[in-house]
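What follows draws every value from the coordinates through simple rules; no lab data is involved. Here the structure is a predicted model, which means the values were calculated and not measured. Glycine also receives a Cβ, built like all others from the backbone with ideal geometry; neighbour counts cover every protein chain displayed.
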Amino acid sequence: MPSVVAVVGATGLVGREMLRVLEQRRFPASRVLPLASPRSAGKTVPFAGKELQVEPAVPERFEGVDIALFSAGATVARELAPQAAARGAVVIDNSSAWRMDPQVPLVVPEVNPQHAADRPKGIIANPNCSTIQMVVALKPIHDLARIRHVVVSTYQAASGKGNAAVEELDEQMRAIGRGETPAVAVFPSQIAQNLVMDWKPAQDGFWSEEELKMVHETRKILGDDTIAVTPTCVRVPVATGHSEAIHVQCDRPLTAAAVKAALSRAPGVVVQDDGYAPGRHPQPLACAGQDPVYVGRIREDLCVPGAINLWVVSDNLRKGAALNAVQIAELVTS
Ligand SMILES: NC(=O)c1ccc[n+]([C@@H]2O[C@H](COP(=O)([O-])OP(=O)(O)OC[C@H]3O[C@@H](n4cnc5c(N)ncnc54)[C@H](OP(=O)(O)O)[C@@H]3O)[C@@H](O)[C@H]2O)c1
């Protein structure tokens, strides 16, 4: 039966992408309600050839809603998600608010779809964007030989930080073109022509919160607390598309051929790997706007026998956020 779908944060980068994905996948919605902060009252957002009026996200607005896709940050999700769930909606939240709650499943449909059915709070969490694309690529390897250790370096796009961050990157590039010193407001330092680690520090003061998300969320999604994850998260001056260099060690030695074969069969993965060829590996510019997780440079490690190295690229706004959320909605309504 068609569902009433609310999109909370509909004016944001992820919310707008959710509307596009709902439309492109012909999600069976009888009605789509775009919600945002009171600042957006009077604005409209495009959906299915029409302009939909944006309304304030207040608890009463969730009466009669079947699916509530949240992408309005953790503070809003903490307050409003339980109120939407209490009114009968299945909440699918993109923020970090609920991800590690033991009563909230953390779901990537290609990896752990079965977890979506057990949702005692009526809330399902969408993992962090960097974690999603990594676990889609890791799951077939985990199934082959049980992963013991992952070392990952991320190259994360500005759009992972929302609308204002993309505007700042664009404006900084224009300022540099004019020979001016770029203004810095959203990022902690200039992002154009630079690399920045811009996430909040974790409590110990050595790691970032983003890095710890990759550790804990990977274990929860793959259902294995023994997996060691060593992340370094870096923001790069790319608009859209996160990239990751991943080194994997398993319980038994793997060959690149076996990993390539497993990844070639894996749902949601496109292997782009003809050995090393300049300019022929997965690149964020080409992956932006696309659905798959692209994997290339599948290599046996030079120094650690049996270990494998990968290069993984995906659109952080689609598979890293909006697409994954809509796929979860498809799971719970099918
Ligand atoms: N960008 C990514 O790649 C990505 C990936 C995974 C997860 N996420 C998560 O998704 C969420 C949104 O990210 P984004 O990139 O779309 O950010 P964004 O572009 O800054 O958009 C934020 C959205 O939240 C809405 N909002 C803010 N305060 C609100 C309130 N009090 N009540 C209702 N709505 C409110 C905003 O509405 P107004 O326009 O009215 O202010 C806007 O629609 C964040 O939790 C983020 O961590 C983002």
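Annotations for the structure displayed:
- Rounded Å value of the spacing that divides the Cα centres of region 199-255 and region 7-37: 29
- Under 5 Å between amide hydrogens, built in the peptide plane, is the criterion, and for residue 202 it picks out 207, 208, 209 among residues at least 5 positions away or on other chains.
- Antiparallel content of DSSP bridges confined to the chain, in %, to 5: 45
- For residue 43, the residues 5 or more places off, or on other chains, whose built amide H falls under 5 Å of its own are 54.
- Tally of Lys pairs whose C-alpha atoms are under 16 Å apart, taken over the chain, 8 or more apart or cross-chain: 7
- Rounded if a/c under 1.5, otherwise prolate or oblate - region 247-334, Cα gyration tensor axes: oblate
- A Förster radius of 30 Å combined with the Cβ-Cβ distance from residue 1 to residue 216 puts the calculated FRET efficiency at roughly 0.25.
- For region 138-212, the list of GluC sites (Glu not before Pro) that fall in a loop by DSSP and count at most 15 other C-beta atoms within 10 angstrom reads 180.
- Column: log10 I(q)/I(0), Debye, Cα scatterers of region 1-150, q = 0.14, 0.18 Å⁻¹: -0.69, -1.07
- Scaled to the globular estimate 2.2 N^0.38 Å, the Cα spread of the chain, given as radius of gyration, is 0.99.
- For region 103-198, the list of trypsin sites (Lys or Arg not before Pro) that fall in a loop by DSSP and count at most 13 other C-beta atoms within 10 angstrom reads 178.
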